[in-house]
Amino acid sequence: MPDPVIPLPKPTVIPTADGDVFPVRRVYCIGRNYAAHAIEMGHDPNREPPFFFQKNPDNLDPSGQFPYPARSADVHHEVELLVALKSGGTNIPLDQALDHVWGYGVALDMTRRDLQGEAKKAGRPWEIGKAFERSAPVGVLRPVAEIGHPDQGRIALSVNGELRQEGDLNQMIWKVPEMISYLSDYFELGAGDVILSGTPAGVGPVAKGDKMDALVEGIGSMAVQVI
Ligand code: MN
């Protein structure tokens with residue numbers, strides 16, 4: 001390889017429960033994937049085609065700390081199941097989609113809701129509300145070999161010990177195999193891609209000093225301090 005003219009960017013890796021790391025290639029996030037959350041955001045929960053936005057790989061942050069971001073006064077928590085792919089491709093059939101999953105984790109899709117709201121109203125992209133620094137706190141990943149493919153179980157988030165979000169993985173409008181298959185019709189998926197699979201009802205604001213506790217049954221929990 002010719003010499004790089006600037007230092008090579010550091011690859012993003014997420015710790016696994018076994019002490020290894022999972023290298024990240026791309027981050028896809030699905031919107032409005034739990035009916036009760038679609039309703040609370042003012043949308044029809046019927047089964048319209050899924051839609052996706054992206055965060056940047058280096059937005060993922062396993063540190064357990066979430067720095068309150070600049071330029072927003074309304075930052076919301078969204079607890080989500082993270083799906084980590086070990087392989088990919090295009091036009092992946094539904095019945096082969098889960099073969100591409102390496103494992104699962106707990107993630108937060110932190111959102112500058114005020115900026116996202118302005119973007120929505122203006123018909124603009126969402127990155128300014130979604131893809132900011134350290135906007136996706138993540139817990140350790142656990143492999144399919146150990147936990148299988150969780151398709152039901154409690155998903156919840158509390159702030160300072162008070163329950164804010166609660167749902168069940170079985171309430172997802174688009175299931176994990178459907179998300180993978182659908183995405184692969186539009187993008188070439190690859191090893192290292194992760195999917196944040198949407199959030200249940202109860203999203204709301206956080207403030208500096210808050211402690212968020214996120215949980216997905218069958219996968220694990222994660223504590224994140226807002227600093
Ligand atoms: Mn989300």
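The values are calculated or read from the model by the stated rules, or taken from the named source; none is laboratory data. Here the structure is a predicted model, which means the values were calculated and not measured. Because the Cβ atoms are built from the backbone with ideal geometry, glycine has one as well, and the counts that use them run over all protein chains shown. Side chains included, ligands, DNA and RNA excluded: accessible areas come from the protein's heavy atoms. Shrake-Rupley method; radii C 1.70, N 1.55, O 1.52, S 1.80 Å.
Looking for something open to solvent by 20 Å² or more (accessible area, probe 1.4 Å) and touching a His at 6+ places or on another chain (Cβ under 9 Å) - is there at least one such residue anywhere in the range 45-62?
Narrowing the range 45-62 to residues open to solvent by 20 Å² or more (accessible area, probe 1.4 Å): 45-49, 51-54, 56-58, 62.
Imposing the further condition that a residue be touching a His at 6+ places or on another chain (Cβ under 9 Å) reduces the set to 45.
Checked the range 45-62: at least one residue is open to solvent by 20 Å² or more (accessible area, probe 1.4 Å) and touching a His at 6+ places or on another chain (Cβ under 9 Å).
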Which one is farthest from the ligand (Cβ to nearest atom), of the residues in the range 116-131 that are of a type in the set (A, V, I, L, M, F, W, C) and open to solvent by less than 30 Å² (accessible area, probe 1.4 Å)?
119
Within the range 188-214, of all residues that are open to solvent by 60 Å² or more (accessible area, probe 1.4 Å) and either assigned to a strand (DSSP E or B) or free of Cβ contacts under 8 Å to residues at least 24 places away in the same chain (or both), the one farthest from the ligand (Cβ to nearest atom) is 211
Is there any pair linking a residue in the range 143-163 that is open to solvent by 30 Å² or more (accessible area, probe 1.4 Å) to one that is aromatic (Phe, Trp, Tyr), with Cβ under 7 Å and at least six apart or on different chains, and which?
144/102; 147/104
Sole miss for residue 125 among (1) farther than 20 Å from residue 178 by Cα; (2) assigned to a helix (DSSP H, G or I) is condition (2)
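Just to be sure, is residue 134 among the basic types (Lys, Arg), assigned to a strand (DSSP E or B) and either at pLDDT 95 or above or open to solvent by 60 Å² or more (accessible area, probe 1.4 Å) (or both)? Spell out the reasoning first.
Values: among the basic types (Lys, Arg): yes; assigned to a strand (DSSP E or B): no; either at pLDDT 95 or above or open to solvent by 60 Å² or more (accessible area, probe 1.4 Å) (or both): yes.
No; evaluated as a whole, the condition is false for this residue.
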I'm trying to understand the selection: among the residues of the range 80-106, which are among the aliphatic types (A, V, I, L, M) and either within 13 Å of the chain's Cα centre (by Cα) or surrounded by 16 or more Cβ atoms within 10 Å (Cβ to Cβ) (or both)?
81, 82, 83, 84, 85, 92, 97, 98, 101, 106
